[in-house]
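Comments concern the structure below.
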């Protein structure tokens, strides 16, 4: 562990939290690294709320043994918060372990890590793949985008359709514009990435589904001069728009 600057006020605050029994707040504290012996105690605490608080603390990057311990925690909620902690990025073995976790929520939380994107692309749980499809870093992974656009789950394709990261892939935009599922096209019509593609806009403006046309009409990035307003029909106030 590297040397951690000691802030006397932070030490007092940490001590007060421990004395008051506010262990969850203690576990989340940004200055917890100044008390490494307490970190071990918190990791062993029987209350999962405390271990969860510790699992999301960025200071864990200085404590690889604790990261490994929490990655094997019996409570999936602890592992889930660890999976979303940027501190684990420097520990590929832990990332790989969480990537095959038996709980899909853990794998979903991990989908934001760039070094695990390709593995998440083939995950059996649709919500994991959907989380990946929302990842703003996808523009650096064209092959992953090409797999997601033909994913068998419409929820995954919808998540991708709403992701601005696809702006640099005209062939992907064309596929989404004619996706067989109207909800996919609805979310695609909301995407700011389509603003510079007149042919895509015209296709959506004349979509057979009224919700898709209404979605395009409410996209604030679409120039009114680009798409004929005659083809944009506002959705009825009494009906609800598609949802993921």
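The values are calculated or read from the model by the stated rules, or taken from the named source; none is laboratory data. Since we're looking at a predicted model, the values are computed, not measured. Cβ atoms come from the backbone with ideal geometry, glycine included; neighbour counts cover every protein chain shown.
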- Item | Filter pass, residue 146 being assigned to a helix (DSSP H, G or I), out of contact with any strand residue (DSSP E or B) (no Cβ under 6 Å at 6 or more places or on another chain) and surrounded by 22 or more Cβ atoms within 10 Å (Cβ to Cβ) | no
- Message: Among the residues that make up segment 135-143, is at least one of them surrounded by 21 or more Cβ atoms within 10 Å (Cβ to Cβ) and modelled with pLDDT under 95?
- Response: yes
- Candidate set: segment 109-134, residues that are at pLDDT below 85 and part of a helix (DSSP H, G or I); chosen: the one nearest to residue 71 (Cα to Cα): 110
- Filtering segment 24-52 for residues that are assigned to a helix (DSSP H, G or I) and touching a residue at least 12 places away in the same chain (Cβ under 8 Å) leaves a count of 19
- Message: Checking the structure you have, find out if any residue of segment 180-189 is at pLDDT below 95 and part of a loop (DSSP other than H, G, I, E, B).
- Response: no
